[in-house]
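Participant: The structure is given below, and queries will be raised subsequently.
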Number of protein chains: 2
Amino acid sequence: MLNEFEIIEHYFKLPLINQKEVKLGIGDDAAVISLSQDKELVVSIDTLVEGVHFLKGLSPKDVANKSLLVNLSDIAAMGATPRWITLSLTLPENNSVWLEGFSKQFNKLLKNYSLALIGGDLTKGPLSITIQAHGIIPKGKFLQRSGAKPGDYIYVTGELGAAAYALRYLKNTDDNLKPTNDELEKLNKPEPKIQTGLELRDIATSCIDISDGLFIDLSHILNCSKVGADVKLNDIPYSKTLLKLNKDLAIDLALTGGDDYELCFTAPSNLSKSDLEKKITTSKFFKVGRINQLDLKLNLIGDDKKIYKLKSAGYQHF
Amino acid sequence: MLNEFEIIEHYFKLPLINQKEVKLGIGDDAAVISLSQDKELVVSIDTLVEGVHFLKGLSPKDVANKSLLVNLSDIAAMGATPRWITLSLTLPENNSVWLEGFSKQFNKLLKNYSLALIGGDLTKGPLSITIQAHGIIPKGKFLQRSGAKPGDYIYVTGELGAAAYALRYLKNTDDNLKPTNDELEKLNKPEPKIQTGLELRDIATSCIDISDGLFIDLSHILNCSKVGADVKLNDIPYSKTLLKLNKDLAIDLALTGGDDYELCFTAPSNLSKSDLEKKITTSKFFKVGRINQLDLKLNLIGDDKKIYKLKSAGYQHF
């Protein structure tokens, strides 16, 4: 049976014919369309379903946070500036308290990120939120999953595993190690790395946002770039609470838990740490590994320099 | 309690600040963004939920038909040419038969309409399909709901009530008058009036597609244009089978049933029928009434020249 990514590849990824404006189609964080001599449009659509992408009973405020911010993260991963939003809202009932809570936060975020809501749809049905974000980028400047070269270093912009541990804690009453407030917030109010995406335009050879876990998302970079990689488990920036957990669990959460919305990017190895620090001023960043050309695999290297095997690869819908 | 349109107006329609590229925002069939000196981008998003917008058990082929075509109808109503599609698909299970049926028809339609699928999302959850269509139009040429002037005639591009009767027939085993095949097809495979939309660019003073029924959709034109209208019930082009029904039921289906996806437009009264016939060559069209400025109401005029009262206004989610 095909998995989520194979379904898209098999059923929906057709060759584009007479579509010279389409600079990037299916299979990246967003699509890119060339519409004028100097600018390109970057678009990304995402659906969040109650009970699948967020727990039942999540406050309307946090539904607004999560649904908009994860979408902006896709635009950030392209190095684009998000500008316009369409919102298709499916609600089980006409609930004015929910609508008030959702719209208040949604409108606040629009203001904070200088976005305009330009259209949408309102429908009755099981709670789900679909958002399309539209961004702008100077012609030819977008970041993509392909482009990583053998020898490039691999970086991530922040600690991993916070959101996954927070979700585990909320679902699992056996966990008695409370996540920090920052970790809890990361689950429902991730910070899209928009400014960092802009800073990476002239540095990164490839980029993706970490939504399904570093293992799956870095694998997308490898597949699109037709390269392999070695990642050192000791170099992963584990989120604070993960450092107190059993090591296998910490690795599992950090690499396959998803929902981090940090950026993973590659950059040429001749750029020193201080070169990068001059360019990347709006996020921390951590070197976690290196692109190789030995094979197309993602090797996780453990303490003992042996290859580490994950229990699962990461979140997939199917 | 607020209805569907009031919810959007109350919670989500904020003044646009520093958004000079947004030529048309919330409240029309689609939004319009100016991205180059000569072209504008027209975008429309719609969600279809199983059991709400289509009957449970509808074939995946017809789910593909309906979900894409109703979206193209919004682009047609703007006078734009649809070009690019994003698709967010929420499926209860990984069902290869369903995916094969859906994608085969979806891809066929993309080819027929010279569209490219440029991105999307695949999610587990209750069956729903969200599509955003992106169209292109020369600068300043888009049709909108506002613009109808007192004295303008009101037209529709085809017979009304077919889809509503077909739906009623399929849901109601008491109906023994079988719809024609064309009427059944109109429910699940509506024909977006794209070419007609292009022809109307230099003729129509306002335009909308009829998705919720002529009564509600023409009311949107009246509200946006700040005018009123008289519509003669005898001039409505009733779909074939409706002519055999009880008159009140036929009026109800034709004016409030929805799902017709014909265009309703207004044009200056000095354009004669033959003037219009020279310009509008790809659809039939029927004059159904006239814009007035007496009040902001939509008056339905019956046989007896008295005002006719509908039992319900048309489909609303809330």
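The values are calculated or read from the model by the stated rules, or taken from the named source; none is laboratory data. Nothing here was measured: the structure is a model prediction, and the numbers come from that model. Cβ atoms come from the backbone with ideal geometry, glycine included; neighbour counts cover every protein chain shown. The area values use the complete protein model at the heavy-atom level, side chains included, leaving out ligands, DNA and RNA. Shrake-Rupley method; radii C 1.70, N 1.55, O 1.52, S 1.80 Å.
Participant: For the list (1) surrounded by fewer than 21 Cβ atoms within 10 Å (Cβ to Cβ); (2) at the interface with another protein chain (Cβ under 10 Å from one of its Cβ atoms); (3) assigned to a helix (DSSP H, G or I), I need the number of the one condition that A:D74 fails.
Facilitator: (1)
Conditions tested, residue by residue: (1) at pLDDT 95 or above; (2) acidic (D, E).
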site	(1), (2)
A:F215	yes, no
A:A229	yes, no
A:D248	no, yes
A:A254	yes, no
A:G258	no, no
A:I291	yes, no
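Participant: A further question on this structure: Name the one entry in A:E100, A:E159 that is open to solvent by 10 Å² or more (accessible area, probe 1.4 Å), of a type in the set (D, E, K, R) and under 30 Å from A:N292 (Cβ atoms).
Facilitator: On the way: A:E100 fails: under 30 Å from A:N292 (Cβ atoms).
Selected residue: A:E159, the only one of A:E100, A:E159 that is open to solvent by 10 Å² or more (accessible area, probe 1.4 Å), of a type in the set (D, E, K, R) and under 30 Å from A:N292 (Cβ atoms).
Participant: Moving on to the next point. Can you say whether A:G51 is open to solvent by 30 Å² or more (accessible area, probe 1.4 Å) and at positive phi, as far as the supplied structure shows?
Facilitator: On the way: open to solvent by 30 Å² or more (accessible area, probe 1.4 Å): yes; at positive phi: yes.
Considered against the rule, which asks whether it is open to solvent by 30 Å² or more (accessible area, probe 1.4 Å) and at positive phi, A:G51 comes out as yes.
Participant: With respect to B:D46, is the statement that it is out of contact with any Gly (no Cβ under 8 Å at 6 or more places or on another chain) and either of a type in the set (A, V, I, L, M, F, W, C) or under 19 Å from B:L122 (Cα atoms) (or both) true?
Facilitator: On the way: out of contact with any Gly (no Cβ under 8 Å at 6 or more places or on another chain): yes; either of a type in the set (A, V, I, L, M, F, W, C) or under 19 Å from B:L122 (Cα atoms) (or both): yes.
In short, yes.
Participant: Then there is this: So, in segment A:3-28, exactly how many residues are more than 7 Å from chain B (Cβ to nearest Cβ) and either open to solvent by less than 80 Å² (accessible area, probe 1.4 Å) or among the acidic types (D, E) (or both)?
Facilitator: Looking only at that region, the number is 8.
Participant: Related question: Can you tell me which residue is farthest from the other protein chains (Cβ to nearest Cβ) among those in segment A:128-150 that are open to solvent by 20 Å² or more (accessible area, probe 1.4 Å) and not charged (D, E, K, R)?
Facilitator: A:P150
Participant: May I ask you to list the residues in segment A:231-251 that are outside any helix (DSSP H, G or I), open to solvent by 70 Å² or more (accessible area, probe 1.4 Å) and farther than 19 Å from A:Y155 by Cα? So that I can check it myself, show each step before the final result.
Facilitator: The first filter runs over segment A:231-251 and keeps only residues outside any helix (DSSP H, G or I), leaving A:231-232, A:236-239, A:245-246.
So of that shortlist, the ones also open to solvent by 70 Å² or more (accessible area, probe 1.4 Å) come out as A:232, A:246.
Selection gives A:N246 alone.
Participant: For segment A:220-230, which residues satisfy the criterion of being open to solvent by 10 Å² or more (accessible area, probe 1.4 Å) and under 19 Å from A:M78 (Cβ atoms)? First the steps, then the outcome.
Facilitator: First, the residues of segment A:220-230 that are open to solvent by 10 Å² or more (accessible area, probe 1.4 Å): A:220, A:223-226, A:230.
Result: A:H220, A:N223, A:C224, A:S225.
Participant: Can you spot a residue in segment B:61-70 that is touching a Gly at 6+ places or on another chain (Cβ under 8 Å), open to solvent by 20 Å² or more (accessible area, probe 1.4 Å) and assigned to a loop (DSSP other than H, G, I, E, B)?
Facilitator: no
Participant: Please verify whether B:K56 is surrounded by fewer than 24 Cβ atoms within 10 Å (Cβ to Cβ), more than 17 Å from the chain's Cα centre (by Cα) and not assigned by TED's automatic domain parsing to the domain that holds B:D202, treating the condition exactly as stated.
Facilitator: Numbers: surrounded by fewer than 24 Cβ atoms within 10 Å (Cβ to Cβ): yes; more than 17 Å from the chain's Cα centre (by Cα): yes; not assigned by TED's automatic domain parsing to the domain that holds B:D202: yes.
Yes.
Participant: Residues of segment A:29-47 being within 26 Å of A:D259 (Cβ to Cβ) and facing chain B (nearest Cβ under 8 Å), which ones?
Facilitator: Going through segment A:29-47, the residues within 26 Å of A:D259 (Cβ to Cβ) turn out to be A:29-32, A:42-47.
Matches in segment A:29-47: A:A30, A:A31, A:V43, A:S44, A:I45, A:D46, A:T47.
Condition check ((1) part of a loop (DSSP other than H, G, I, E, B); (2) more than 23 Å from A:T123 (Cβ to Cβ); (3) within 25 Å of the chain's Cα centre (by Cα); (4) more than 7 Å from chain A (Cβ to nearest Cβ)) across all residues:
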site	(1), (2), (3), (4)
B:T86	no, no, yes, no
B:T90	no, no, yes, no
B:E93	yes, no, no, yes
B:F102	no, no, yes, yes
B:G119	no, no, yes, no
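Participant: For segment B:192-215: of the residues being part of a helix (DSSP H, G or I) and surrounded by 22 or more Cβ atoms within 10 Å (Cβ to Cβ), which is nearest to the chain's Cα centre (by Cα)? Working first, answer last.
Facilitator: Filtering segment B:192-215 for residues part of a helix (DSSP H, G or I) gives B:194-200, B:214-215.
Restricting the remaining residues to those that are surrounded by 22 or more Cβ atoms within 10 Å (Cβ to Cβ) gives B:196-197, B:200, B:214-215.
On the way: B:T196: 13, B:G197: 12, B:L200: 15, B:L214: 9, B:F215: 12 Å.
By that ranking, first place goes to B:L214.
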